[in-house]
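Note sheet for the following structure.
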Amino acid sequence: MAPSPFHPKASRHARSISLPSRSHPLTLQVEEHLHSLRTSEATSSSLASSSSVCNNLGGLKVLYDIVNDLLHLPLTQQTLAQEQGEDWVDEVLDGSLRLLDMCGTTKDVLSQMKECVAYLQSSLRRIRGESCLANEIEAYTLSRKKVTRGINKCLGDLRKLKKQHTFSSLLDKNHDIVAMVSVLREVESITLSIFESQLLFVSGPKAVSRPNGWSFVSKLMNKKPVECNGKEMERCVFEKVDATIGTLLSHKTHNGLEFRHVEAQKQLETLELSIQYIENGLECIFRSLIQTRVTLLNIFNQ
């Protein structure tokens, strides 16, 4: 019999069936990718940018591919199937469903944010008059504030889930089961953390109090240009858009107004592209989550 998957020196008398040994390529890849994602998430959590969010989503997709390959190994399925009815099985299955729900909610929020950006892009292409433009910009900001409230609610639910999440004891289990369950729990944990970073990035800067009429226009006109460098530029893309659309209302010359129109369009295109990249990555994760849940259900319903 092969030694324990994550504990090569485990007793050979632990059980009749064992998961793949730690030297198995899939086992090593799972550990490596988990470590890489933990490091990346810890680094980018306070410095979220579109590139870091997309990179983490890409790394998470690779991790799920490896985990799904590991779950499809005959030895893995035989070992886990013996655990039907155990508390940890229900926890893992419930966790896979929670991740799907959270991923679906996050996808909806992203779609709404993209619609807000597309609306303002369309308005800038159609409208040149200052009064009409102010109304359209106000409508955009109110829509974005509504989406931001949805994001904040989603973040609150996610953080509550992380805080209240408890696990049953595995003290009576052998190394094989403990190792595999630990991997599944860690994958769930890093997934929630990446979802949180993604939502924080898309939420943008903290919204101001609800604007009314020309008081809103005044606030935008007084916004100062935002200067950013490197990753900081990606982080403050929302602020740059706000500052630029504010200057649209303060230019008195036709040439100055046209220049700001072009600049605003470019920044909105960049913002829309960032959201699209994140949305694409999230869709890949959603499909992987479905695959993982189906595989687990098949294993435990044998």
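The values are calculated or read from the model by the stated rules, or taken from the named source; none is laboratory data. Note that the structure is a prediction, hence the values are computed from the model and not measured. Positions of Cβ are generated from backbone atoms using ideal geometry, with glycine treated the same way; all protein chains shown enter the neighbour counts.
Is one or more of the residues making up the range 213-227 of a type outside the set (A, V, I, L, M), at pLDDT below 90, in contact with a Gly (Cβ under 8 Å, 6 or more places away or on another chain) and surrounded by 15 or more Cβ atoms within 10 Å (Cβ to Cβ)?
Yes; the residues of the range 213-227 include at least one that is of a type outside the set (A, V, I, L, M), at pLDDT below 90, in contact with a Gly (Cβ under 8 Å, 6 or more places away or on another chain) and surrounded by 15 or more Cβ atoms within 10 Å (Cβ to Cβ).
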Reported set for the range 118-160 where residues are of a type in the set (A, V, I, L, M) and either under 16 Å from residue 199 (Cα atoms) or under 16 Å from the mean Cα position of the chain (by Cα) (or both) is 147, 151, 155, 158
I'm told residue 101 meets every condition in (1) over 30 Å from residue 201 (Cβ atoms); (2) of a type outside the set (Ser, Thr, Tyr); (3) exposed (fewer than 14 other Cβ atoms within 10 Å of the Cβ) except one. Can you identify the failing condition by its number? (1)
Please verify whether the range 68-89 includes one or more residues that are farther than 28 Å from residue 194 by Cβ, surrounded by fewer than 18 Cβ atoms within 10 Å (Cβ to Cβ) and among the charged types (D, E, K, R). no
So is residue 120 crowded, with 17+ Cβ neighbours inside 10 Å, within 15 Å of residue 271 (Cβ to Cβ) and modelled with pLDDT of 85 or more or not? yes
Set 262, 183: member being touching a helix residue (DSSP H, G or I) at 6+ places or on another chain (Cβ under 7 Å), among the β-branched types (Val, Ile, Thr), assigned to a helix (DSSP H, G or I) and at pLDDT 65 or above: 183
